[in-house]
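Engineer: Before anything else, here's the structure in question.
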6 protein chains.
Amino acid sequence: MTESPSALPISRFAVPSLEDMPADIRERILAVQEKSGFIPTIFLALAHRPDEFRAFFAYHDALMERGGNLTKGEREMIVVATSGANQCLYCVVAHGAILRIREKNPTIADQIATNYRKADITPRQRAMLDYAMKVSKRAEEVDDADFAALRAHGFDDDDIWDIGGIAAFFAMSNRLANMMSLRPNPEFHMLGRQPKAK
Amino acid sequence: MTESPSALPISRFAVPSLEDMPADIRERILAVQEKSGFIPTIFLALAHRPDEFRAFFAYHDALMERGGNLTKGEREMIVVATSGANQCLYCVVAHGAILRIREKNPTIADQIATNYRKADITPRQRAMLDYAMKVSKRAEEVDDADFAALRAHGFDDDDIWDIGGIAAFFAMSNRLANMMSLRPNPEFHMLGRQPKAK
Amino acid sequence: MTESPSALPISRFAVPSLEDMPADIRERILAVQEKSGFIPTIFLALAHRPDEFRAFFAYHDALMERGGNLTKGEREMIVVATSGANQCLYCVVAHGAILRIREKNPTIADQIATNYRKADITPRQRAMLDYAMKVSKRAEEVDDADFAALRAHGFDDDDIWDIGGIAAFFAMSNRLANMMSLRPNPEFHMLGRQPKAK
Amino acid sequence: MTESPSALPISRFAVPSLEDMPADIRERILAVQEKSGFIPTIFLALAHRPDEFRAFFAYHDALMERGGNLTKGEREMIVVATSGANQCLYCVVAHGAILRIREKNPTIADQIATNYRKADITPRQRAMLDYAMKVSKRAEEVDDADFAALRAHGFDDDDIWDIGGIAAFFAMSNRLANMMSLRPNPEFHMLGRQPKAK
Amino acid sequence: MTESPSALPISRFAVPSLEDMPADIRERILAVQEKSGFIPTIFLALAHRPDEFRAFFAYHDALMERGGNLTKGEREMIVVATSGANQCLYCVVAHGAILRIREKNPTIADQIATNYRKADITPRQRAMLDYAMKVSKRAEEVDDADFAALRAHGFDDDDIWDIGGIAAFFAMSNRLANMMSLRPNPEFHMLGRQPKAK
Amino acid sequence: MTESPSALPISRFAVPSLEDMPADIRERILAVQEKSGFIPTIFLALAHRPDEFRAFFAYHDALMERGGNLTKGEREMIVVATSGANQCLYCVVAHGAILRIREKNPTIADQIATNYRKADITPRQRAMLDYAMKVSKRAEEVDDADFAALRAHGFDDDDIWDIGGIAAFFAMSNRLANMMSLRPNPEFHMLGRQPKAK
């Protein structure tokens, strides 16, 4: 048994090379690389299942890039809080970076990933995260009182669907990442930590 | 406060009429109705979000109708066991029906939904469900020993991905159904309960 | 290791033949068979311990066939909800059948066994099941507020005793059935599923 | 709100006077009082339900006073360990006293009620309590490996039934006592604490 | 494997003899022995780490012997309730004895260790223990509502700090005792059980 | 109710000014400030209780700065893993920074705080953290098998004490920080994130 820290692969499962991927998937990945400067490992790790890859990102974008009353930063808060509760390394680190960038706040992601009850958020955002965590950890108990609490903060049915839908989607995503032992790119750990970072 | 049992709607959220849906969604729903004789409520309840509807069913079909070593009945076993653990009424009842039909077995779904450890399944299927339940309830603890146990039963990496992927997808689906209070069609309760049923 | 589904026995423990049972137990069993058309496996599986058999059914009948404000259907709701939470295959399937018959409702048992919060029941019945589930899963926390909530729905002390007593009795029964791996008779799976069934 | 410690009644529910009880119950209670010097509160608190009283004590005696390989002290160990886990004040205090007396050991009950893994017991008794605790807290997971572990310590099927049966019976009893807020007699706290006590 | 009950050592770890201890520690221990008539095992079991010994007892005394609105008996109630929840044999038995003595009440410790919700305490003490248990078992959820509930019973900020501080200190102490398998002195089991004991 | 993010204080409780502190405490704090460039909030938040402050840091230093086979980085790994599990914002952020510095590794703290099973650590460190997490979350179950697993990796009794002692101390510290809602200094979020940082 070696006692040096393992140089862990990005996934337990097969990761195809770019040239072996279907063209649409390769192109999407190259576009992400162009924009971000690196390829988030989730794109590479899902590519061995093209149909699942396409459905995963279509679903992700439908929830995360949708118009509506939740800001993009708030959507990332939901991802980071629930992923912390589900102990998903990739999601906490990668979406933590996006959250810092969206909110232009270098400390918010660490707060929400560790204990959202102690984070610098508004009471409305606290109610949003209380509901997201309930959907994530005990959705079977969701009932009228949860909806009333959200409506008291001005959330409408579309907002409530978005909150719960994002929590549900990342319940799936967290499990996929944990079963793969998906490793986040090192770049994500630093992104958005300088207060004035782009 | 009324004391009569509520005539509950199929979902807490808006359910569009068929004519108000995008054509591709309406056509898919009509095709399902043609084949099944009724429209499973999940199709109606997701239709108010067309992009999510399309991604959801694309993902579902990629996992459930894929070739590979798991039979269609075994895929439904995974759905029913994890949905029982997540207390998802729609998924237990609707996929319980499909499981009975796939396995031509009128009692298997009740067994697996209630306590899969007491079900009439093979040791290989038991190992499959042990892993599916771990992904569903504590994916953060998945490690090498889980993979070794599955390989000892002849499962390869593609099979292991399928088992975990289905468990993860229904972790999402169970949460969506619970947040909607999605009601299963009454038809599902009876389907496949006669041993010789089609 | 065989890979065919096991033809499981009705209990892990010895099951005496009818002729080897004490006369009073044999007679009770034959009377049940006469009435139901089959012998529920619980009667056979407890018969190797005659004193426990007698006490078990005396206790069961004292709680389930007692007069009082709870209907027989409501008593079965308590059994099915708590047995689902305790993952007791025999109790969910056998008492699910009785519940469908008592309530003349082919879908109520699947609802209550899977997630009683989503079932077609009255607010009074919901309060009854909330208390029954608390007694079943965390009786150590029962306090004045639970009694106040029940009284607000018109339950008196005798009713509250009945609800808790049934939940407590089946906490025992669920554990006995799980330690035996008691299998329900196949007949129970279908009983009461036709809306007009007797 | 009064701030003095409440002089709590022995039960939340009605406690009949001796003269109002059926004769057989009154006689049993007087016999216990004759033998013990006091009436354990459980006898008084169950007496308002004569049929349940009779079934409860018949069941109790069938399990606790049965011949077989488990000593009477070992049977009480099962009661005390599982009642501690279920936070049942009456059962821990009353059966703790009986355990001290049976084992002629003034410290064993406090050990087993608090953390049986730290108690002065034999490896065979540890295996017995591991199984009893599994039946008490997660009987749905009982499987072949549990039986093999018990058999390795020489327990036969009758012993295994006894262990599980006692754990199951007190799962009921603990819940009844907690729903009643049943108070133990003060005498029990001291009984058996002097090493040479009768 | 021997089947006789083990004569367990007081700790899994090294226990130095009095003459091998630093002088200040030996003197403290002799003073305790002088006062109590025996040496509580915690003093001996921590002595192999003199710096930790000194810090542990300095911290203990700062919290337990401080002036303020909580009585010494109430401080021990916090220790006994949280130690019962953490299944710490040493702490339940040793501090249970001190609690009986402080409160001149032979039954209070058994009540609070087993289920503080059933104990003969004032509503103010119940609120104190509710908060202590929350700090002990789920401190991450402590929020404004907890402080409001305590203030409604007249607790000020210093009192609230004391309650939580004691619960936190014994969260540490319980873990140390459990990792050592620290055994309580036999004397503690009996102390304070006679109503008129000093 | 304001909807802007709260500018939260460093603690729910009183924080004395430097001039109001006892001289020894002020001097210790100034020395920390001199060395670190800022005053970690834990020093300020504990200062209103000088005796507890002194005991806390004496205990901390006895465990964290002790010689022995565990490196200073490994000691911080224990803190970060258990503090993540206990959702302690201050401890995860402040000790995460120290861990990055000790290990000269900008990503290790995020890994260990989120899911230590997925971290780049040696098998020996994994065994260390498995034990630390058991002490932190279910110390009552610690037994011989845990010690055997640690010894198989070469840990001796002093090492095992250190691992468990640190886990126990931070079980206390996490609870104190959560009851205070202690906020970490913003500086900690960035420290050690540049690979070549001092």
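Engineer: Being buried (at least 22 other Cβ atoms within 10 Å of the Cβ), at the interface with another protein chain (Cβ under 9 Å from one of its Cβ atoms) and of a type in the set (Val, Ile, Thr) is the requirement here; does residue A:82 meet it? I'd like the intermediate steps shown before the answer.
Structural biologist: On the way: buried (at least 22 other Cβ atoms within 10 Å of the Cβ): yes; at the interface with another protein chain (Cβ under 9 Å from one of its Cβ atoms): no; of a type in the set (Val, Ile, Thr): yes.
No.
Engineer: If residue E:179 satisfies every condition in (1) at pLDDT 95 or above; (2) more than 21 Å from residue F:56 (Cα to Cα) but one, which is the exception?
Structural biologist: Of the numbered conditions (1) at pLDDT 95 or above; (2) more than 21 Å from residue F:56 (Cα to Cα), the odd one out for residue E:179 is (2).
Engineer: What helices (runs of 4 or more DSSP H), lying completely within region F:90-198, carry at least 2 residues that are basic (Lys, Arg) and away from chain E (no Cβ under 13 Å)?
Structural biologist: F:123-138
Engineer: Kindly indicate whether residue E:123 is out of contact with any His (no Cβ under 6 Å at 6 or more places or on another chain) and within 29 Å of residue F:145 (Cα to Cα). Steps first, answer last, please.
Structural biologist: Numbers: out of contact with any His (no Cβ under 6 Å at 6 or more places or on another chain): yes; within 29 Å of residue F:145 (Cα to Cα): no.
So residue E:123 fails the test.
Engineer: Out of (1) surrounded by 20 or more Cβ atoms within 10 Å (Cβ to Cβ); (2) of a type outside the set (A, V, I, L, M); (3) not in a loop (DSSP other than H, G, I, E, B), what's the single condition that is false for residue F:87?
Structural biologist: Among (1) surrounded by 20 or more Cβ atoms within 10 Å (Cβ to Cβ); (2) of a type outside the set (A, V, I, L, M); (3) not in a loop (DSSP other than H, G, I, E, B), the lone unmet condition for residue F:87 is (3).
Engineer: Something else now. Taking residue C:77 as meeting all but one of (1) over 30 Å from residue B:83 (Cα atoms); (2) of a type in the set (A, V, I, L, M, F, W, C); (3) in a helix (DSSP H, G or I), write down the number of the exception.
Structural biologist: Among (1) over 30 Å from residue B:83 (Cα atoms); (2) of a type in the set (A, V, I, L, M, F, W, C); (3) in a helix (DSSP H, G or I), residue C:77 violates only (1).
Quick grid of which residues meet (1) more than 22 Å from residue B:28 (Cα to Cα); (2) in contact with a Lys or Arg (Cβ under 7 Å, 6 or more places away or on another chain); (3) not in a loop (DSSP other than H, G, I, E, B):
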{"residue": "B:48", "(1), (2), (3)": "no, no, no"}
{"residue": "B:63", "(1), (2), (3)": "no, no, yes"}
{"residue": "B:68", "(1), (2), (3)": "yes, no, no"}
{"residue": "B:82", "(1), (2), (3)": "yes, no, yes"}
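Engineer: Check whether at least one residue in region A:141-156 is modelled with pLDDT of 95 or more, hydrophobic (A, V, I, L, M, F, W, C) and buried (at least 24 other Cβ atoms within 10 Å of the Cβ), and report yes or no.
Structural biologist: So far as region A:141-156 goes, no, none of its residues is modelled with pLDDT of 95 or more, hydrophobic (A, V, I, L, M, F, W, C) and buried (at least 24 other Cβ atoms within 10 Å of the Cβ).
Engineer: Related question: Tell me, please, whether a residue that is modelled with pLDDT of 95 or more, surrounded by fewer than 20 Cβ atoms within 10 Å (Cβ to Cβ) and within 18 Å of residue F:176 (Cβ to Cβ) can be found in region E:120-133.
Structural biologist: Let us first name the residues in region E:120-133 that are modelled with pLDDT of 95 or more, namely E:120-133.
Remaining after also requiring surrounded by fewer than 20 Cβ atoms within 10 Å (Cβ to Cβ): E:120, E:122-124, E:126, E:130, E:133.
After this cut, where a residue has to be within 18 Å of residue F:176 (Cβ to Cβ) as well, the list is E:133.
Looking through region E:120-133, at least one residue is modelled with pLDDT of 95 or more, surrounded by fewer than 20 Cβ atoms within 10 Å (Cβ to Cβ) and within 18 Å of residue F:176 (Cβ to Cβ).
Engineer: Given the conditions (1) in contact with a helix residue (DSSP H, G or I) (Cβ under 7 Å, 6 or more places away or on another chain); (2) under 25 Å from residue C:160 (Cα atoms); (3) of a type outside the set (Lys, Arg), and given that residue C:38 satisfies all but one, which numbered condition is not satisfied?
Structural biologist: (2)
Engineer: Only one of these is closer than 18 Å to residue E:73 by Cβ, within 19 Å of the chain's Cα centre (by Cα) and free of Cβ contacts under 8 Å to residues at least 60 places away in the same chain: E:168, E:132, E:139. Name it. So that I can check it myself, show each step before the final result.
Structural biologist: Working: E:168 fails: closer than 18 Å to residue E:73 by Cβ; E:139 fails: closer than 18 Å to residue E:73 by Cβ.
Answer to the check: E:132.
Engineer: Still on this structure, I have one more. Which pairs turn up if I take residues in region C:1-30 that are under 22 Å from residue D:157 (Cα atoms) and look for partners that are at pLDDT below 95 and assigned to a loop (DSSP other than H, G, I, E, B) with beta carbon separation below 8 Å, at least 6 apart in sequence or on another chain?
Structural biologist: Pairs that qualify, where the first residue is under 22 Å from residue D:157 (Cα atoms) and the partner is at pLDDT below 95 and assigned to a loop (DSSP other than H, G, I, E, B), are C:15/C:9.
Engineer: So how many residues does region E:45-77 have that are among the small types (Gly, Ala, Ser) and either facing chain F (nearest Cβ under 9 Å) or touching a residue at least 60 places away in the same chain (Cβ under 8 Å) (or both)?
Structural biologist: Result for region E:45-77: 5.
Engineer: Hey, another quick one. Within region A:8-25, does at least one residue satisfy the condition of being crowded, with 18+ Cβ neighbours inside 10 Å and in a helix (DSSP H, G or I)?
Structural biologist: For region A:8-25, residues crowded, with 18+ Cβ neighbours inside 10 Å and in a helix (DSSP H, G or I): present.
Engineer: Can you tell me which of D:102, D:124 is within 24 Å of residue D:160 (Cβ to Cβ) and touching a Phe, Trp or Tyr at 6+ places or on another chain (Cβ under 9 Å)? Step through it out loud before you land on a result.
Structural biologist: Working: D:102 fails: touching a Phe, Trp or Tyr at 6+ places or on another chain (Cβ under 9 Å).
Only one candidate passes the filter, namely D:124.
The values are calculated or read from the model by the stated rules, or taken from the named source; none is laboratory data. Just so we're clear, the structure is a prediction, and the values are computed from it rather than from any experiment. Cβ atoms come from the backbone with ideal geometry, glycine included; neighbour counts cover every protein chain shown.
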